[in-house]
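The values are calculated or read from the model by the stated rules, or taken from the named source; none is laboratory data. If you're wondering where the values come from, they're calculated on a predicted model, not measured in any experiment. Note: ideal-geometry Cβ built from the backbone for every residue, glycine included; neighbour counts use all protein chains shown. Keep in mind that these areas ignore ligands, DNA and RNA; they rest on the heavy atoms of the full protein, side chains included. Shrake-Rupley method; radii C 1.70, N 1.55, O 1.52, S 1.80 Å.
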Amino acid sequence: MRLSELGLAEAAWRIESCETTAETLARACLERIAERDETVRAWAHVDGNKVLEQARALDRGPRRSRLHGVPVGIKDVIDTADQPTEYNSPIYRGHRPKADAACVTLLRRAGCLILGKTVTTEFANNHPAQTRNPHNSAHTPGGSSSGSAAAVADFMVPAALGTQTGGSVIRPATYCGAFAIKPSFGAINRAGTKMLAESLDTIGIFARGAQDLALILEALTGRAPVSASGKPRVGLCRTPRWPVADASVQKNAEGAARALERAGAQVRDFELPAGSDQLFDRHKVIMTYETARALSWEYFSHADQLSPTLKARLDDGWKVTRADYDAMREHARRCRRELAESLRSLDFLITPSAPSEAPASLASTGDPVFNRAWTLLGVPCVTVPFGKGPLGLPLAVQLVGSMDSDMALLGWAGWTAKQLR
């Protein structure tokens with residue numbers, strides 16, 4: 001196994017036990033980027049010389065945490081003081097923030113090495129970026145955290161941060177074959193992140209295993225990892241949009257549920273609270289209303305530098321009335337309360353993470369239909385890679401937990417991954 005292929009936990013252990021160094025691991029990642037990024041296009045900015053200089057400094061200095069010396073990629077909507085943060089927009093070409101985002105600061109304090117900035121779609125919206133799916137460059141990697149998902153899946157970096165407002169962590173992880181968590185809303189501090197929708201935006205993590213995700217989440221939240229114990233109570237949630245999933249995804253989700261049942265899990269069908277179907281289609285009422293206002297300076301001052309795709313979305317956002325916005329937020333609050341009550345008797349839900357394998361298109365980032373409602377509900381979600389689609393591209397299942405059960409959910413995600421091997 002090449003060093004760049006190590007998962008985060010294994011890489012951290014090897015550095016701690018002096019089997020390798022931060023510099024050696026960084027060199028392996030940089031070599032992989034040089035070898036593959038012309039095809040995958042996952043990185044917006046990498047300064048190899050600076051990376052190696054910082055890695056050597058980490059090797060010389062005292063250990064700060066279990067993650068000391070491990071490289072991490074940062075989505076290019078999250079501020080970094082020593083690297084450009086351009087949001088994949090010509091409006092911000094060359095923009096250099098004065099300070100790191102809170103999440104970047106916490107990673108640095110834990111001794112992580114910031115490898116570079118990963119490609120985002122324009123302002124983390126739905127206009128496709130230059131990144132390609134590492135398994136087949138004619139297929140989308142998903143979005144908006146395209147670069148983070150592709151870089152982790154293609155062994156360029158063991159972990160990376162992304163953001164999700166609709167489905168921008170869970171879906172690209174599915175398409176690229178990576179593990180990922182969209183934590184509970186507000187679990188990771190968002191200061192220094194380019195905001196789109198203040199009631200939806202969530203910082204997420206990509207890695208190659210549930211344990212890896214837990215270690216990064218611990219550094220960012222202070223919550224300790226939790227090991228799964230006993231046999232879980234699982235709800236198979238097909239959701240009101242089950243017919244949108246293709247046959248391979250339906251078979252995959254149901255097959256995963258059966259595999260967990262054979263492993264001792266108590267599995268039953270689970271229905272979302274009445275009225276939840278609106279969350280799948282009317283999430284956009286909240287997202288477009290808030291995004292239009294979050295990007296109001298760009299919209300009114302630099303409209304000619306926005307993509308037609310984003311411009312149309314912002315146009316729609318300005319048409320949403322305050323009354324419709326408030327009504328949808330109140331509906332979501334009611335659904336959250338009812339879901340919390342329904343989840344008391346379960347450890348987690350298993351549900352589709354995307355309606356198909358990665359589509360054969362670079363003109364779209366795919367359909368977030370199986371992500372939007374969970375984002376609006378604010379609950380934690382984890383992508384667990386499992387299965388292949390008709391074209392041999394990755395499939396996955398999505399685990400969903402109750403609010404603030406993030407570490408417990410990751411413990412169950414690790415257990416689930418073992419049962420699905």
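Tabulated data
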item	result
Sites Arg334 and Thr309 - FRET efficiency at Förster radius 45 Å, r taken between beta-carbons, to 0.05	0.90
Segment Arg56-Thr321, length gained on full extension (0.36 nm per residue, minus Cα span)	90.0 nm
Mean-position separation - Cα centroids, segment 242-257 and segment 116-155, in angstrom	24 Å
Difference of contour (0.36 nm per residue) and Cα-Cα distance, Glu254 to Asp47	70.0 nm
Kyte-Doolittle mean at least -0.5, axial Cα span of 15 Å or more - DSSP H helices of the chain	22-40, 210-221, 406-419
The chain, relative contact order in percent, only Cα pairs under 8 angstrom and at least six apart counted	18 percent
Estimated 222 nm signal from helices in the chain, with DSSP H stretches of n ≥ 4 weighted -39500 (n - 2.57), rounded to 500	-12500 deg cm²/dmol
Charge context of Leu30, other residues only, Cβ under 15 angstrom, K/R +1, D/E -1	-2
With all protein chains modelled, accessible area of Glu10 [1.4 Å, Å²]	70 Å²
Inter-site label distance for Ala224 and Arg63 at 7 Å from Cα along Cβ, in nm	1.8 nm
Summed side-chain charge close to Leu279 - residues other than Leu279 whose Cβ falls under 13 Å, Lys, Arg +1, Asp, Glu -1	+4
Extension gain, Lys388 back to Cys18 (0.36 nm per residue minus Cα-Cα distance, nm)	129.5 nm
Contact order relative to length of segment 53-127, as percent, for alpha carbon pairs under 8 angstrom and 6 or more apart	40 percent
Local net charge near Arg268, Cβ-Cβ under 11 Å (Lys/Arg +1, Asp/Glu -1)	-2
Rounded if a/c under 1.5, otherwise prolate or oblate - segment 138-286, Cα gyration tensor axes	rounded
Computed over the chain, Kirkwood Rh from alpha-carbon pairs, angstrom	21.2 Å
Calculated from backbone phi, Karplus (6.51, -1.76, 1.60) coupling profile of segment 228-238 in Hz, x at Gly/Pro	5, 9, x, 10, x, 9, 10, x, 7, 9, 6
Residue pairs, from the table Lys284/Lys418; Lys50/Lys194; Lys182/Lys319, whose Cα atoms sit over 31 Å apart	Lys284/Lys418
Cut-off under 5 Å, modelled amide H: who pairs with Gly204 long-range	Gly162, Thr163, Gln164
Set of aspartates and glutamates near Lys251 by C-alpha distance (under 20 Å), chain-local residues within fewer than 8 positions excluded	Glu261, Asp269, Glu271, Glu357, Asp367
Between segment 64-113 and segment 385-417, the alpha-carbon center distance in angstrom	27 Å
Reach of Lys311 by Cα under 15 Å, taken over aspartates and glutamates that are not fewer than 8 positions away in the same chain	Glu122, Glu290, Glu298
Integer Hz, Karplus 6.51/-1.76/1.60 couplings in order for segment 365-377, x for Gly and Pro	9, x, 9, x, 4, 8, 10, 4, 5, 5, 5, 5, 6
Antiparallel content of DSSP bridges confined to the chain, in %, to 5	65 percent
Protection proxy ranking, peptides 279-288, 147-156, 125-134, 259-268, average beta carbon neighbours within 10 Å, highest first	147-156, 125-134, 279-288, 259-268
Normalised contact order of segment 165-287, rounded percent, pairs of Cα under 8 Å and 6 or more residues apart	23 percent
